[in-house]
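Notes follow once the structure below has been shown.
The values are calculated or read from the model by the stated rules, or taken from the named source; none is laboratory data. Model, not experiment: these values are computed from the prediction. Using ideal geometry, Cβ is built from the backbone for each residue, glycine included, and neighbour counts are taken over all protein chains shown.
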Amino acid sequence: MKFTVGLDAYEVCAIHGYYDEEHVEPQPFVVSLKVEFCSDNGVHDLEQTTDYGELQRVVDHVFLESQQPIRLLEVLGWSIIEELKQTGNIQLIWLRIEKPNAPLPHPGGLPYIEMQWKKENQT
């Protein structure tokens, strides 16, 4: 049986961005994240699933505890995926990072990236 655990529209304010002026004041980032895992015996306690609180802690760790500003959303996303895929039971990770205050040439639109990682079958 396949299970999905997620965290939608989690807003975190941090100092990241391509341009140096984005490193002065924190700006909002909105993260949506889901992970999938399989269990033939169902889920009966927290150790058999993925704690959505852990999803939030991983996002916080990457966004808030970086030693220096990260310039690309893709790098932020990959860092989240790298940390989450260490969990043995996760088969798929889907991630979306939105940057509502991104510097654009003119108003309009919502910049974002989406990424997906899938565990390769072990044969």
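A few comments on the model shown:
- Scanning segment 93-114 for residues that are touching a residue at least 12 places away in the same chain (Cβ under 8 Å) and farther than 18 Å from residue 72 by Cα yields one hit, 93.
- The requirement of being at pLDDT below 95, more than 11 Å from the chain's Cα centre (by Cα), farther than 25 Å from residue 118 by Cβ and surrounded by 13 or more Cβ atoms within 10 Å (Cβ to Cβ) is fulfilled nowhere in segment 38-48; no residue meets it.
- Cβ separations smaller than 7 Å between residues 6+ apart or across chains give the following pairs from segment 79-92 residues that are basic (Lys, Arg) to residues that are at pLDDT 95 or above: 85/93; 85/117.
- Where residue 108 falls short, out of the listed (1) under 14 Å from residue 3 (Cα atoms); (2) modelled with pLDDT under 95; (3) not polar (S, T, N, Q): (1)
- Segment 70-123, subset among the hydroxyl-bearing types (Ser, Thr, Tyr) and not in a loop (DSSP other than H, G, I, E, B), residue farthest from residue 57 (Cα to Cα): 112
- Subset of segment 75-112 (residues that are farther than 24 Å from residue 51 by Cα and surrounded by 12 or more Cβ atoms within 10 Å (Cβ to Cβ)): 99, 100, 101, 102, 103, 111, 112
- Pairs with Cβ under 7 Å, 6+ apart, first in segment 24-49 and within 22 Å of residue 62 (Cβ to Cβ), second at pLDDT below 90 and in a loop (DSSP other than H, G, I, E, B): 35/50; 37/50; 37/89; 49/43
- Count of segment 19-32 residues which are under 17 Å from residue 110 (Cβ atoms) and surrounded by 14 or more Cβ atoms within 10 Å (Cβ to Cβ): 6
- Matching residues in segment 74-111 - criterion: being under 16 Å from residue 64 (Cα atoms) and in contact with a helix residue (DSSP H, G or I) (Cβ under 8 Å, 6 or more places away or on another chain): 76, 79, 80, 83, 97, 99
- Taking the criterion of being surrounded by fewer than 17 Cβ atoms within 10 Å (Cβ to Cβ) and within 22 Å of residue 21 (Cβ to Cβ), the residues of segment 65-74 that qualify are 66, 67, 68, 69, 71, 72, 74.
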